[in-house]
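One structure is given below, encoded as structure tokens.
The values are calculated or read from the model by the stated rules, or taken from the named source; none is laboratory data. Please read all numbers here as calculations on a predicted model, not as lab measurements. Every residue, glycine among them, receives a Cβ derived from its backbone with ideal geometry; neighbour counts consider all protein chains shown.
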Ligand code: SF4
Ligand code: F3S
């Protein structure tokens with residue numbers, strides 16, 4: 001499955017959700033996740049993310065491995081999102097800042 005990683009936090013551009021053919025994105029306050037059992041590995045979302053936050057599970061960088069579990073956990077409790085919305089107001093400012101996991105609102 002594909003995985004949403006650190007750089008989505010506090011950006012949440014949501015371009016990704018619009019292209020997903022199986023609507024397997026789930027939304028929290030400042031982050032999105034992919035449901036690993038619903039994702040069909042089509043790869044369409046990966047190039048759509050302006051923040052470069054989406055990776056195939058096998059390609060998730062070492063420092064981001066924790067996000068594989070985070071996507072699995074939070075996709076079970078968050079609500080589905082299938083339509084694009086405005087990014088978070090400070091998205092540009094936060095895009096590219098490292099180690100945003102501490103800001104994740106669950
Ligand atoms: Fe959806 Fe395809 Fe991205 Fe999986 S890889 S989350 S199925 S768009
Ligand atoms: Fe997040 Fe990128 Fe989607 S910032 S909301 S994974 S387009």
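Tabulated values for the structure
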quantity	calculated
Of all residues making up segment 62-97, the number that are within 15 Å of ligand 2 (Cβ to nearest atom) and in a loop (DSSP other than H, G, I, E, B)	15
Number of positions in segment 11-26 that are within 13 Å of ligand 1 (Cβ to nearest atom) and touching a residue at least 24 places away in the same chain (Cβ under 8 Å)	11
Filter result for residue 1 (in contact with a helix residue (DSSP H, G or I) (Cβ under 6 Å, 6 or more places away or on another chain), crowded, with 21+ Cβ neighbours inside 10 Å and modelled with pLDDT of 95 or more)	no
Condition met for residue 50 (part of a loop (DSSP other than H, G, I, E, B), within 13 Å of residue 30 (Cα to Cα) and in contact (Cβ under 8 Å) with a residue 24 or more places away in the chain)	no
Test for residue 39: is it near ligand 2 (Cβ under 9 Å from one of its atoms) and in contact with a strand residue (DSSP E or B) (Cβ under 7 Å, 6 or more places away or on another chain)	no
The one condition in (1) under 21 Å from residue 106 (Cα atoms); (2) more than 13 Å from ligand 1 (Cβ to nearest atom) that residue 8 fails to fulfil	(2)
Residues of segment 27-49 that turn out to be surrounded by fewer than 16 Cβ atoms within 10 Å (Cβ to Cβ) and more than 13 Å from ligand 1 (Cβ to nearest atom), as a count	1
